[in-house]
Amino acid sequence: MKNPIHNIEIPLGLNMALAQNLDALNLFASMTYAQQQMIIDKTHSISSKQEMQAFVKSFPDFM
């Protein structure tokens, strides 16, 4: 999925986790391009659905 604001590719696992957590989705959408890219870069080391959901839940820690 591309973010229409920053035109950034969002990995599928992150996209699915964001779809299940609207607060995290809204927070991600309000981030700058650099913040979003930092989040996306961190997802490359995540290997399970549960890890991704926990990571998305931790988004307020990045703000």
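Values in this text are rule-based calculations from the coordinates and carry no lab data. Here the structure is a predicted model, which means the values were calculated and not measured. Here Cβ is always computed from backbone atoms with ideal geometry, including for glycine, and neighbour counts include all displayed protein chains.
Per-structure values
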| item | result |
| --- | --- |
| Fewest-first ranking of F59, F28, using other Cβ atoms within 10 Å as the exposure measure | F59, F28 |
| Point-charge dipole on Cβ atoms (K/R +1, D/E -1) for the chain, about Cα centre, debye to 20 | 80 |
| Cα pair distances of the chain binned at 5 Å [whole percent] | 4, 19, 35, 30, 11, 1 |
| Environment charge at A54 (Cβ cut-off 13 Å; Lys +1, Arg +1, Asp -1, Glu -1) | +1 |
| Label-point separation in nm, S47 to D23, each point 7 Å along Cα→Cβ | 3.0 |
